[in-house]
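Undergrad: This structure is in structure tokens; I'll ask about it shortly.
Values quoted throughout were computed directly from the atomic coordinates according to the rules given, and no laboratory measurement underlies them. None of the values given here were measured: they were computed from a predicted structure. Here Cβ is always computed from backbone atoms with ideal geometry, including for glycine, and neighbour counts include all displayed protein chains.
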Amino acid sequence: MGKVEHNKRQKRDSLLDSAFSLFIDNGFTKTSISDIVKQAGVAKGTFYLYFRDKYDIRNHLITSKANQVFQAAYAELTARDEEMDFEDQVLFMADHILNQLAANHNLVMLLSKHLSWGSFKNFLAATPGRDVPAIYTTFESMLSEAEYTYRDPELMMYLILELISGTSFNAILYEQPVPLEELKPHLYETVKCILKNYRED
């Protein structure tokens, strides 16, 4: 990466980091673009080189943070020596992702308030880095080696992610209806049922 590209990446990352901390501390509604650029230490015009508006930077932020969590879980999966079938891989990654979220309540607060179908689609298609494939590309690669074939794999993945995020956020933040560790066995049994129901005969 050349010096110019490095500086561009640095400014963009600084804007994302500033937006993240301000959205957590002040809330999305009360945070202005002026607040973000001031904390990032860049000119206001620089913001518009990378993002259209406040909603755009929020969506990029969600995609970026979600990608980091997914890639960390996938790296841990690929580092394991033992072979696992596709369904066990999904459960392993789900557990790793939940453990990461449990250790980062600020990220949970951001995701719990602003996840949507649009951000889910962006999350699947985003390419985190030059040498890092999009999430859906990784998912398809895992599927290609699965014991079973699955109908509507994108919808299946959406349901699993919605289930995990929708049920775990309150368990992580407020231990409601039960603490996360108590929720996990019930959650994973339901994920297994979704996977089984989407198997093709």
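Undergrad: Working carefully through the options Asp53, Asp85, Asp35, Asp17, find the one that is touching a helix residue (DSSP H, G or I) at 6+ places or on another chain (Cβ under 6 Å) and among the acidic types (Asp, Glu).
TA: Exactly one of Asp53, Asp85, Asp35, Asp17 is touching a helix residue (DSSP H, G or I) at 6+ places or on another chain (Cβ under 6 Å) and among the acidic types (Asp, Glu), namely Asp35.
Undergrad: Say we look at region 49-83 and pick out the residues that are acidic (Asp, Glu) and outside any loop (DSSP other than H, G, I, E, B); which of these is nearest to Asn104 (Cα to Cα)?
TA: Here the residue is Glu76.
Undergrad: Only residues that are touching a Phe, Trp or Tyr at 6+ places or on another chain (Cβ under 7 Å) and in a helix (DSSP H, G or I): list them for region 1-35, please.
TA: Arg12, Leu15, Ile33
Undergrad: If you go through region 151-169 one residue at a time, do you hit one that is of a type in the set (S, T, N, Q), more than 20 Å from Glu83 (Cα to Cα) and free of Cβ contacts under 8 Å to residues at least 24 places away in the same chain?
TA: yes
Undergrad: Can you name the residue in region 41-99 that is under 30 Å from Lys196 (Cβ atoms) and among the acidic types (Asp, Glu) and is also surrounded by the most Cβ atoms within 10 Å (Cβ to Cβ) among such residues?
TA: This residue is Glu87.
Undergrad: Would you call Thr46 assigned to a helix (DSSP H, G or I) and over 27 Å from Glu162 (Cα atoms)?
TA: yes
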